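Just so it is clear, none of the values below were taken in a lab; they were calculated from the coordinates. Keep in mind that what you see is a predicted model, and the values were worked out from it rather than measured. Glycine also receives a Cβ, built like all others from the backbone with ideal geometry; neighbour counts cover every protein chain displayed.
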Amino acid sequence: MEFITLLKANLKRHKGGLAGIFILLFLVSLSLVTVLTIWENSNSYIPAEMRRAGFGDLTVWVSGIPNPDLLSNEISALDTVERTESQKIIYSNYVLREQESDSEGQLILYNPKENRYRFFTDSLSGYQPQPEKIQPGEVYVSPSMISIFGAEIGDEITFPIARAGKNLILKIAGWYEDPFMGSSMIGMKGFLIDGSSYDAALAILQNAGIDALARNGAMIHIFAADPEENRSLFSAEINEKTSLSSYAEFVHSKTAISGFMLVLQNAFSGFLFAFAAVLLLAAMAMLGYQIQSAIQQDFVNMGILKTVGFTSKRLCMIQLLQYLIAIICGMLLGLAAAVPMSQNVRFATLTTTGILIPAKLPFSLCLLSFGSILSVLIGFILWKLRNVRHVTPMGAIRGETEKQLFSVKRLPAIRAKGLYASLALRQLFTSKRRYIGACLVAILLVFFASLAGRMDAWLGTDGKGMMDAFNPADHDLGIQSFGELTQETFEKTIRSYSEIIDVYVLAMPNVTVNGVDFTANVIDQPERFHLIEGLPAMADNEIVITEFVAADFGVGIGDSLTIGADLGNHAYRISGIYSCANDMGQNIGISREGYLKIGSDFPNLWCWHYFLADPSQKAAITAELENAYGGDIHIHENTWPGLYGIISAMQALILVLYSMSVLFILIVTIMTGGRILTAEQKDFGIYKAIGFSSASLRMTFAFRFGIMAVTGSVLGTVLAAVFTDPLVSFFMKLAGISNFASAPDLGTVLFPGAIITLLFLCFGWLAARKIEKIDLTILVAE
Amino acid sequence: MKQAILKGQQLCKTFPDGNEILQSVDVEIYNRDFTIIMGASGAGKSTLLYALSGMDKVTGGKVFYREKEITCLSENQMASLRAKEFGFVFQQTHLVSNLTLFENVAVAGYIGKTGTPKEIQEKARQLLRQMKVENAKDRLPANVSGGEAQRAAIARAMIGSPGLLFADEPTGALNRSNTEEVLDLLTALNRNGQSILMVTHDMRAAVRGNRLLYLEDGKLLDQLSLPPYEEAEIKQREAMVSQWLSNLQW
């Protein structure tokens, strides 16, 4: 009974501090459960939806094939293949809302019997039953078209099937879910169409001859007899034993696709996990401070309780229970709030990912996480409560807790000039233990905000960092001609806007590396590749490879690989390691001369890459060239559709991070400030009595938090400078990006520290509002 | 003719529970006087002192310092007045715990801006010397005796050369020898022209004053004027004050 009475009394006495712990743990739990929900659901949903969509262990995109069924049968006949499924497609560029597509789209013939796709309601609020048929002239697209093109239902999409304006124009009838091509991360987009639209496109194509702009093809899903078989060997065997390599545009394994689709979500989830961990550490710092202050505050009471027979263990149990009540309540509320939060996230990301990630709470994972966190926190609380053992009745009477443990000799002097700052420093130094928690929080938050800031700086406002990671070489504008249009003609248009500083040509044909399909970056100036190690592939028997290819094949500089294309195979020596994250780093770089030893040359293979004296003219040049030459030309800038999704996600992440930081700092400042104000109430009365105004006292109070935050910020910034690159590089490598190195400007480096310091200062000022209410009669003797 | 430095007109103080501590008190404190407020516990002595010094808000009436009403001053104006014109000594020493005795005194001078920093520091040293705590000036309040701390508190109160020094039972927490030392210091200050308003219920402290006010149930009941304090006349003064107090049935 007395246990309950004391517990109730403690809860009442420390309600302010416990409320702070409750809110901090609520925020930790909310962020953790939300991330767990998104992470767990996306990791299970994407592979499940890929199975529904019928992706095989390997999926091959083929074109120029007279009869895809024959090829399917040829592949199915292999012992290692269980079966194949094929989907008819037409590759075509498209124009939506006057924007030309960056990559080719795929018009996919819709067959409701296959039940491959899920369809969203018009408002994207959920799913609706799949349509029995798609109406002629209509098309279903991924919701990511909203974020990429600003698409709306009823918009018309123009597919230039052949020159001379032979277009297929389709109206958007609704949205469908595609776990691969639906994502804004992927340039090629799927368009579900009905049989009559498909036939119409095919008819144009068949009559177009050399004027054809679109291509007929198929997606062949190949299911391995042994699902455990090595994908590279499986692919090599199919290439070797069938005619697939003659028609293959590109090949992706199911594992690679789901890995790629999940990699950024996992990277962002990992980042948010780390942030939740930082919040937990910050909450522990504050919990430690709260426990220490409460012991000081309850010192006399505990001494008295010991005189009436309470043991240290029993007193600790009361203290532990009071914190656990706040912690568990906070965590449970966070868990409950994570449900609507996850719902919001799934709908907010729908137009970027193209999929509606379920928001089902992963109970077992949450239980495991909560159990682990609670165990850590219980251990931490008991460790902090060890001082209760030292409370003795006599110690309480002697007021041992009030001991002054500092020497003024080592402290900065109080000066008339900068009086408030020097007083703040003195107060800070003489009661530094009170501020350690807040300082730790500042270090952690600045470190994390700096890390995010450095990633953002690397990404850049236009995503240049990411583009440099994905592109084999830099450029301002890339132009590829599909018809008779000559280089001289479009260069004339470019020069009317800007001088051309430099130019090189690049092609990206499919090749085989030791029999496995890969993309080759073929360039006429190999020194332009983003080389990490070794030398550029200048000779015609040399190649450069990515770190990932090197790891896959277990090769390095000086070793050889066999590269094959339509004219044959040849062994090439690896001269260097370069960086290109395209196809998750599964690509090689080779010189033009080197490629032409094994592959055919044709004019439309090459894309001219220009460096402009005035890169701001890119949009104007693009617009004029597209108007003048329409489907005969494809122009791309140093960007890709998925980039905007990543930039938006990064910005949203930073916004979330700073919002949480603001809340955290507010709570931490109020908790710490409240305790300090209570402890120093008399000192404030004295200062007021000798002529300090409330405003000046509030200023010195805010200064303490400012000084402490500056200290934390400096440490956090230094930690971020030391650890960001290796830490982020680790995550980036998962996405095929091997050359992450942040080179932030001074503003980016200083911003997190400055903003966190400013927040501490402001909230310190706000928390000090109570100083105004301190009555001088507090100094009157009782 | 004595010049009133501080005036209280119709001062009332009622607590939220309805308890009337001051009931329309009219009082004048004169320049260069050592005024003592006496009365039984709960009579409202300290409340009157804090009301007159502007440290506590009155619920009725006005206070004038050098003919200027201070009850209507803003918080900042009141802080400035306290820094420049008033000095305070409390029953508990009330020194800032993390400042040395010297710093406690100097900070009060800095905030009052009564001179250049060098002048203030020199004056602080001189006051601490005068208060006989020069040797302890670099110690923290926790490391000095109660008497030393209280003498440093008087030095702090004097750093701005205040027009009026308020003292609320300044010897209440001191032993006999420290009490005498503190009273001697206050007497010496008064002799040098310092106006002092002190609350006490201690006879030894009361006899130091030249004007004694008696407060009962929140009303000013009587006053007694004495000649300036001379140590040789202490017995005579004690008798006069005792007689006065017994007439008031204290």
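A few notes on this one:
- Shown for B:Cys72, A:Cys580: other C-beta atoms within 10 Å of each C-beta, ranked fewest to most, produce the order B:Cys72, A:Cys580.
- Other protein chain Cβ atoms within 10 Å, averaged over every residue that makes up B:110-120: 3
- Of the trypsin sites (Lys or Arg not before Pro) found in the stretch A:407-444, the ones in coil according to DSSP and having at most 15 other Cβ atoms within 10 Å of their Cβ are A:Arg415, A:Lys417, A:Lys432.
- Chain A - percent relative contact order, Cα under 8 Å, separation 6 or more: 17
- 10 Å Cβ neighbours from other chains, averaged over peptide B:156-163: 1
- Loop-located trypsin sites (Lys or Arg not before Pro) in the stretch A:280-378 (DSSP state other than H, G, I, E, B) with a sparse environment of at most 16 neighbouring Cβ atoms within 10 Å: A:Lys360.
- Furthest towards positive pole of dipole, A:Tyr117, A:Leu367, A:Asn266, structure part chain A, Cβ charges: A:Leu367
- Cβ crowding within 10 Å averaged over residues, with B:50-59, B:186-195 ranked highest first: B:50-59, B:186-195
- Relative contact order for chain B, counting Cα pairs under 8 Å that sit 6 or more residues apart, in percent: 26
- Averaged over the residues of B:68-80, the number of partner chain Cβ atoms lying within 10 Å of the residue Cβ comes to 2.
- Using the rule -39500 (n - 2.57) for each DSSP H run of four or more residues, divided by the residues of chain A, the 222 nm mean residue ellipticity is -17500 deg cm²/dmol.
- DSSP-defined beta bridges in the stretch B:4-247 - what % are antiparallel, rounded to 5: 55
- Screening chain A for whole DSSP H helices with an alpha carbon extent of at least 27 angstrom along the helix axis and a mean Kyte-Doolittle hydropathy of at least 1.6 yields A:363-384, A:641-679, A:746-767.
- Dipole magnitude of chain B, debye to nearest 20 (Cβ charges: Lys/Arg +1, Asp/Glu -1, about Cα centre): 660
- Computed on the stretch A:165-295, with alpha-carbon pairs under 8 angstrom and 6+ residues apart, the relative contact order is 21 percent.
- Dipole magnitude of the protein assembly as shown, debye to nearest 20 (Cβ charges: Lys/Arg +1, Asp/Glu -1, about Cα centre): 7380
- Ordering of B:216-225, A:236-245 by packing is A:236-245, B:216-225, highest average first (other Cβ atoms within 10 Å, averaged per residue).
- Net length available on complete extension from A:Arg97 to A:Phe3 is 26.8 nm, with 0.36 nm assigned per residue and the Cα-Cα distance removed.
- Around A:Glu114: net Lys/Arg minus Asp/Glu count, Cβ-Cβ under 12 Å: +3
- Whole-Å distance, taken between Cα centres, linking the stretch A:560-611 and the stretch B:223-239: 113
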